[in-house]
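Before any comments, here is the structure.
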Amino acid sequence: MRGREPDSAIEARGVRKKYPSAAPEERSALDGFDLTVARGSVHGLLGPNGAGKTTAVRIMATLLDLDAGEARVAGYDVAREGRQVRRRIGLVGQYAAVDEELSGLQNLVMFGRLSRLSPRAARHRAEELLEQFGLAETGPKRISAYSGGMRRRLDLAAGLVVAPQILFVDEPTTGLDPAGRRDVWDAIRILVDGGTTVLLTTQYLEEADRFADRISMLAHGRVVADGTPAELKARVGSDWLEVLPRAEADIPRITKAVRRWASGDIRTVNGRVRVPVLDRTTSLLGAAAALQDAGIALDDLTVRTPTLDEVFIQLTGAAATDDTTPADDTQKVPA
Ligand SMILES: Nc1ncnc2c1ncn2[C@@H]1O[C@H](COP(=O)(O)OP(=O)(O)O)[C@@H](O)[C@H]1O
Ligand SMILES: [Mg+2]
């Protein structure tokens, strides 16, 4: 086997794909898609429904041919060296092929056998994975009795019977409750700690924010922004204090009291005073004290950080997700 040690686990340049069934005037599913994923990293591919995430994953996993451009996975060209690519990747998400009638254990053993492990090795690996994914007790039960979170963890385990160098995970947490989502993330962590490179797609921006080293934002088949979560958020601007006065008439006094912490223009949005700040903690504590000294009654005082949703909206004019749960990234001081 030829050994190659590429700097990037995944490289895509100018990839285009239009489905044959698409109407001529319809846009391409991928329209000049570029991506670089560093080895050993978790890379998030974010975008709304229809942005092209699954198409990109399927092309990189050699399940779908590209029309133009180039993609290399683990250093191998997906179009010309598909076999080499397939040997090094795992794929979980919308394709998992677990058998509902079998138990979790039986499914994993079957996957091991399909990957040419001996019966003993397959059994050993299956038990190891069930243990790792917190499914040791559930293992002997039929899949049809599993909860959504357990099911998804088993899907992940099935993709890892032979630990891949690069794992594609397509919307692993869509439709799961918060506990199920946490379980899936714990499972992905185990892989990453073992050195696997993970490319994951998600519509939940706050998840990508927490777990991805870098993020590519996809809209209409093209990456519109790329960077660490912090870099992307810095594009929208700095953190800000948000002051909600009990009485709107106090807004001019508030503006005056907090001016010394402002790093830019103070604005009022929906009755809330927004003060851009450089240091979250110092400005929050200082402003709280100053407002109290001035005897101004508040309903709320918060430090806010730009969210990835705001980045996406600013770049594309559209929301990346219809998930309305606010990101849990605010620090509050009781007013
Ligand atoms: N099998 C297919 N045939 C025709 N069009 C498709 C097919 N799969 C996806 N598309 C279209 O390609 C675009 C990208 O879809 P997809 O890659 O599934 O996006 P995402 O995973 O981001 O939701 C969408 O406009 C979708 O309707
Ligand atoms: Mg998809």
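Laboratory data are not the source of any read-out in this text; all were calculated from the coordinates shown. A quick note: this is a predicted structure, and the numbers were derived from the prediction, not measured. Note that we place each Cβ from the backbone using ideal geometry, even for glycine, and neighbour counts take in every protein chain shown.
Annotations for the structure displayed:
- Our helix-only sum for the chain, with -39,500 (n - 2.57) per DSSP H run of n ≥ 4 divided by its residues, gives a mean residue ellipticity at 222 nm of -10000 deg cm²/dmol.
- The three principal axes of the C-alpha atoms in the range 176-241 carry coordinate ranges of 33, 32, 23 Å, sorted with the longest axis first.
- Here the convex hull built on the C-alpha positions of the range 238-305 has a volume of 71 cubic angstrom per residue.
- The residues Trp185, Trp240, when put in order of fewest to most other Cβ atoms within 10 Å, stand as Trp185, Trp240.
- Cα-based radius of gyration for the chain, normalised by 2.2 N^0.38 Å, reads 1.19.
- For the chain, the longest principal axis of the alpha carbon atoms and the long axis of helix 280-293 meet at an angle near 30°.
- Burial ordering of Ser28, Ser144, fewest other beta-carbon atoms within 10 Å first: Ser144, Ser28
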